[in-house]
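*Asks:* My questions will all concern the structure given below.
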Amino acid sequence: MVGPDEIQAWLGQLHSGKTEERREAVRRLGDAGEPAVGPLLDALASTGDSDERWYLALALSRIGSPAVRPLIAVLREKRDPQVRRYVAAALSAIGEDAVEALIRLLGETEEPDVRGFAALALGRIGEPAIGPLSRAVEAGGPLGLAAGQVLWRMEDQGLQALLGAYGLDESCGPLPGSGPQP
């Protein structure tokens, strides 16, 4: 098991600015798993360096599923849009394991920024998010509307899924605003 001293040493490597050291630290922090999540999130919230935030988000994404709930909590609680941006990037890199939590967040939050970052992450996840988003649309309500907006932004596959969720297909003609613009 990895101890706090090792995690702090690897966080120091991320802060050093040397590319090879940073890459090695990302690998080791990712391999450390759940014990590294809290320190990584603390570092992400406290640094103002965008390069360092990128490496921190990368390490969190390598941890995968154990990082999803804490990342969602940070997305809800932190007001710094840069922190939220990197958290959304980490969640999108985690991919399919983050989809359900992001969709729940879409339905639970009233805050437009949080909803926007959740939608951004789902859009970046792409195809693995389409089925769960379609089911949310079919369920209706505010979550269904938010899920529909995400599918709309996902273009081709998302639009097909959105049409399917409403029981439509391409034979109904072009959607408003989807054809060539004069």
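No lab work stands behind these numbers, since they all come straight from the coordinates. As the structure is a computational prediction, the values presented were derived from the model and not from experiment. Cβ coordinates were reconstructed from backbone atoms using ideal geometry, including for glycine residues, and neighbour counts include every protein chain displayed.
*Asks:* Between Ser16 and Glu111, how high is the FRET efficiency from 1/(1 + (r/R0)^6) when r is the Cβ-Cβ distance and R₀ = 41 Å? Nearest 0.05. List each step's numbers first, then the result.
*Replies:* Values: r = 35 Å, r/R0 = 0.86.
Computed FRET efficiency for Ser16 and Glu111 comes out at 0.70.
*Asks:* For the chain, with a Gaussian network of springs between Cα atoms less than 10 Å apart, report the residue from Ala57, Ala93, Ala139 with the top mean-square fluctuation.
*Replies:* The residue that fluctuates most here is Ala139.
*Asks:* For region 1-63, compute Rh as the Kirkwood radius over C-alpha pairs and then the Stokes-Einstein diffusion coefficient at 20 °C and 1.002 mPa s; write the answer in µm²/s, rounded to an integer.
*Replies:* Values: Rh = 11.0 Å.
It comes out at roughly 194 µm²/s.
*Asks:* Fewest first, what order do Lys18, Lys78 take by the number of other Cβ atoms within 10 Å?
*Replies:* Sorted ascending by nearby Cβ count, the order is Lys18, Lys78.
*Asks:* Tell me, Ser16, Ser50 in order of fewest to most beta-carbon neighbours within 10 Å?
*Replies:* On the way: Ser16 13, Ser50 10.
In increasing order of surrounding Cβ atoms, one gets Ser50, Ser16.
*Asks:* For the pair Arg104/Glu138, report the inter-label distance in nm, with labels modelled 7 Å from Cα in the Cβ direction.
*Replies:* 2.1
*Asks:* Using Cα-Cα distances under 8 Å and only pairs 6 or more residues apart, what relative contact order does region 67-168 have, in percent?
*Replies:* Working: 124 pairs, mean separation 22.8, N = 102.
Dividing the mean separation by the residue count of region 67-168 yields 22 percent.
*Asks:* With log10 I(q)/I(0) by the Debye sum over Cα atoms at q = 0.14 Å⁻¹ in mind, check [x] -0.92; [y] -1.15; [z] -0.75 and report the label derived from this structure.
*Replies:* Here the calculated entry is [z].
*Asks:* What spacing in nm lies between the two simple spin-label points modelled at Leu159 and Arg85, each 7 Å away from Cα in the Cβ direction?
*Replies:* 2.8
*Asks:* From a point 7 Å beyond the Cα of Arg23 in the direction of its Cβ, which residues of region 33-59 have a backbone N at a distance under 19 Å?
*Replies:* In region 33-59, the label zone of Arg23 (backbone N under 19 Å from the point 7 Å along Cα→Cβ) covers 51-59.
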